[in-house]
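The values are calculated or read from the model by the stated rules, or taken from the named source; none is laboratory data. Note that the structure is a prediction, hence the values are computed from the model and not measured. Cβ atoms come from the backbone with ideal geometry, glycine included; neighbour counts cover every protein chain shown.
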Amino acid sequence: MHFTERAAWHRRMVLCVFASTLSFVPARTAEASDVTLGIIGPHEYDLPVDFKPFNVLVQYGDGNAAGSYYNSGGQRKPGEGSHTWAGMTKYVHFRTFDAIPHVGFAFELIQTESYNLSNGTNYGGLGPTIVGPAAWFKPNSHSTFGIQTFMQTNSGTRDSLTPGYWSNISSLIFDYEWKHFSFDGDAGTVVGATKHKTGEHSYSPGVVFYSNLRFSWKATKLVEPFLAFDWQNVTGTYDRTADRYLDDSNSREVALGTGIMFNIARDFSLTARYSHSVEGRDTSESNAYYIKLLYLWP
């Protein structure tokens with residue numbers, strides 16, 4: 001399919017992008033799971049250029065039944081997990097500028113939501129708010145390359161649902177389209193400010209490195225199965241008051257998944273996926289299911 005035809009067909013779904021379903025809290029032992037930006041699906045970065053401004057509303061949902069965890073030696077152990085439901089409501093405005101031809105821009109406003117069941121407790125509420133821009137260009141008619149950078153706030157309706165510090169989430173994004181297949185993904189970092197709380201130690205969170213890759217088969221115009229690869233590594237959390245790194249605060253995770261995208265209409269799509277950890281250290285396992293609804297309007 002030629003790009004101009006493909007862009008007209010995919011524009012309703014291409015910008016379900018640039019955020020994860022969970023707040024970006026660097027993982028300590030068995031406390032966090034889900035790779036940053038792990039929610040993305042096929043064609044996340046199959047983006048148009050030279051278009052008229054338009055808007056996108058996206059609702060993400062994510063459930064993770066993490067019944068096991070990976071210890072500091074990388075062994076998978078039962079217990080000490082949790083069951084979480086998370087969501088994101090996202091508004092995106094897309095536009096171009098006459099002074100910068102052949103480059104696309106987007107600005108996003110994202111509100112996270114979370115509900116957690118762990119060790120006999122259950123609670124939920126609103127998590128951090130995420131805002132920021134993205135920009136991209138097309139090296140040729142079949143490919144896209146760009147950058148995105150977002151700030152995540154340090155507040156929410158509950159302290160336990162927020163990281164407690166400001167952070168920046170930045171990554172490079174890419175997409176390549178064949179007639180019957182597509183390949184896209186991202187690679188980036190999350191860098192957080194020092195966490196200060198009255199009467200407690202101050203902590204510098206570990207730097208998060210992550211990558212998400214998606215390979216899909218354009219089986220029909222309606223149905224598109226895909227494979228997912230997600231990787232994340234978090235450096236150690238530094239206790240600035242005690243002048244030392246916290247034990248077992250350096251974590252990593254690799255997850256594989258499979259899913260399907262339904263291109264229901266030109267302005268509406270539904271994507272569902274299941275992913276599971278295949279390797280990790282000092283983190284709860286991912287045993288997660290994802291769903292994404294997208295609506296586009298002028």
Scope the stretch 38-70; condition on the phi > 0 side of the Ramachandran plot and either modelled with pLDDT under 90 or under 17 Å from the mean Cα position of the chain (by Cα) (or both); matching residues:
43
Does residue 223 count as under 25 Å from residue 84 (Cα atoms), out of contact with any Lys or Arg (no Cβ under 8 Å at 6 or more places or on another chain) and of a type in the set (A, V, I, L, M, F, W, C)?
no
Those residues that are polar (S, T, N, Q), part of a loop (DSSP other than H, G, I, E, B) and surrounded by fewer than 18 Cβ atoms within 10 Å (Cβ to Cβ), I need them from the stretch 236-272; list them, please.
241
Filter the stretch 106-146 down to the residues that are more than 19 Å from the chain's Cα centre (by Cα) and closer than 30 Å to residue 178 by Cβ and list them by number.
137, 138, 139, 140, 141, 142, 143
Please work out which one of (1) hydrophobic (A, V, I, L, M, F, W, C); (2) at pLDDT 95 or above; (3) surrounded by fewer than 18 Cβ atoms within 10 Å (Cβ to Cβ); (4) under 22 Å from residue 37 (Cβ atoms) is the condition residue 228 fails and give its number.
(3)
Which condition number does residue 99 fail, the rest of (1) in contact with a strand residue (DSSP E or B) (Cβ under 7 Å, 6 or more places away or on another chain); (2) closer than 25 Å to residue 143 by Cα being met?
(1)
Output for the stretch 147-186, where each listed residue is within 21 Å of residue 46 (Cβ to Cβ), more than 14 Å from the chain's Cα centre (by Cα) and touching a residue at least 40 places away in the same chain (Cβ under 8 Å)
174, 175, 177, 179, 182
Exactly one condition in (1) among the hydroxyl-bearing types (Ser, Thr, Tyr); (2) farther than 22 Å from residue 174 by Cα; (3) not in a loop (DSSP other than H, G, I, E, B) is false for residue 216; which is it?
(2)
Quick one: is residue 288 in contact (Cβ under 8 Å) with a residue 24 or more places away in the chain, touching a Gly at 6+ places or on another chain (Cβ under 8 Å) and not charged (D, E, K, R)?
yes
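State whether the residues of the stretch 76-95 include one that is among the basic types (Lys, Arg), surrounded by 15 or more Cβ atoms within 10 Å (Cβ to Cβ), touching a strand residue (DSSP E or B) at 6+ places or on another chain (Cβ under 7 Å) and in contact (Cβ under 8 Å) with a residue 60 or more places away in the chain.
yes
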